[in-house]
Number of protein chains: 2
Amino acid sequence: MRDYSDVQHPCGNCDFHDQSIWQPVSGAALPILNRGFDRLPLETSQILFEQGEENSGVYCVSRGLIGIRSCQDDGKSTLLRLAYPGEIIGFRSFMAGQPHHTEAQALIPSRVCKVPRHSVRQILNRSPEVLGRLADRCIQEIDRSHAHIIAAATRSNTERLSDLLGRLLQIHGRDCADGKRMYLPLSRIDLADLLGIRPETLSRVVARLLNDSAYSICGREVLLRG
Amino acid sequence: MRDYSDVQHPCGNCDFHDQSIWQPVSGAALPILNRGFDRLPLETSQILFEQGEENSGVYCVSRGLIGIRSCQDDGKSTLLRLAYPGEIIGFRSFMAGQPHHTEAQALIPSRVCKVPRHSVRQILNRSPEVLGRLADRCIQEIDRSHAHIIAAATRSNTERLSDLLGRLLQIHGRDCADGKRMYLPLSRIDLADLLGIRPETLSRVVARLLNDSAYSICGREVLLRG
DNA sequence: AGCTGAAATTGACGCCCGTCAAAGACTTCA
DNA sequence: TGAAGTCTTTGACGGGCGTCAATTTCAGCT
């Protein structure tokens, strides 16, 4: 399998330095969160934290792609969202003071920076305004979930797949002769899971994409024509 | 149309006094939010605030049922969630310092308590811990959205309608000889909107409900058998 | 290379949903 | 009471999705 761990956030070698995420407030305080803390390498499918597990801190995605998944009692699981490089995960559980309601899994070889719970507390005590920024993350999560619900109710599967590919290409698509090219960082199963459909149906949606859209997918290669 | 404005939160005549919502922290500070402020009566279909409108405060639902709706450019609208008596709305926009991303509309005759923006600020200055409780509301909103996404992906329309009826009956269903009875506080169009399906399809789902579930709907009357 | 198991595709089939259209029920107002 | 308009239901139809099953492709390992 092609190594995908070199795919990074556009800001370069940064970990946790993406200022745009913290735009509502000046961006000086949060990067200190990850300074000097462990940077865990994660293999594909490796679990970062499990559902029901006690919260032990927050994580910043440095490289790769993390899937946030919800597992139900009946064994069904749903991929709720993707966490791209530069994003923080685990803050919902941290802020609520509750065990994780979701599971975090590396979808490709990834790297995350772990900030232990007590360290986050220390930083919050020294810099109370950081709490407001974590709240901003919660708001962003609400908006994203709402967008997901709206898309599921009003857009076709082909449109939603196109939207997702567009977002992925925007983050780490590379220009090439034919347009924009990218290694697809999700398996068909994960992709179907994220769209809320079965893998067999996704297969047919992908096939239809060749006719209905500017995107084409062959295996793990995605191409935006034009 | 039958008057539904007498349907209240189980806690009685309270406005904004539902302690369970603020459980993570001791429940002394937030009820002061609504003390002495306007209590607006709302007719069915009346808009509380519109999408894109500047945030002018937060609202506490005292009676009735408020629908949180997202309107798209193409004219389509989606009912994202319901706000029951005892709940706060408008806090996402307040905390983000942004215009409202959604629209709030009374689905039945309702009553809300409006707390102006500057008053909320004053209260937050006097009682900084209230900010944490608003953050708890954000977290609850995330969890609810996630539950919505999971249900849409894994449960049938019949099941999701049953779930919704169960929740509504739990809040203001009245015991009767046959089981539990309730006036349905949503039109078929709103109900379909909330489930993400067309009204015609909902009509058939309702008809199927008689066979597949313990619920029966006739017009606006809901009955849980047993 | 060859084996093995998982992932991905393809086919067949039935059911459910979206769409368009029409009829029926209900509310509001005169 | 009657009329107008909206809400709701029902029907017909085509397409999309889920399910089951079989096949093919692919990645990892010896």
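Read the figures in this text as sums done on the coordinates, not as results from a lab. Quick caveat, the model's predicted, so the values are computed rather than measured. Note that each Cβ is placed from the backbone with ideal geometry, even for glycine, and that neighbours are counted across all protein chains shown.
Between residue B:147 and residue A:127, the FRET efficiency estimated from the beta carbon spacing at R0 = 35 angstrom works out to 0.60. Across peptide B:131-139, the average count of Cβ atoms from other chains found within 10 Å of a residue's Cβ is 5. Each of A:172, A:148 was scored by other Cβ atoms within 10 Å of its Cβ. Listed from fewest to most, they are A:172, A:148.
Summarised in one figure, the compactness ratio Rg/Rh of region B:155-205, Cα atoms and Kirkwood Rh, is 1.00.
Taking a straight line from the alpha carbon of residue A:114, these aspartates and glutamates sit under 14 Å away, with near neighbours fewer than eight places off in the same chain left out: A:15, A:38, A:87. By the count of neighbouring beta-carbon atoms within 10 Å, fewest first, A:117, A:160 end up ordered A:117, A:160. Remark: region A:211-226, residue by residue, has Karplus-estimated 3J(HN,Hα) of 8, 8, 9, 7, 9, 9, 10, 10, x, 9, 9, 10, 10, 9, 6, x Hz, where x stands for each Gly or Pro and the curve is 6.51 cos²θ - 1.76 cosθ + 1.60 at θ = phi - 60°. Report the Cα centroid-to-centroid distance between region A:162-217 and region B:206-226 in angstrom, as an integer. With region A:162-217 and region B:206-226 each reduced to a Cα centre, they are spaced 41 Å. Here the extension length gained between residue A:181 and residue A:72 equals 35.7 nm, from 0.36 nm per residue of separation less the Cα-Cα distance.
Taking the fewest neighbouring Cβ atoms within 10 Å as the starting point, the ordered list for A:61, B:120, A:112 is B:120, A:61, A:112. Take each residue of peptide A:96-102, count the partner chain Cβ atoms within 10 Å of its Cβ, and average: the result is 3.
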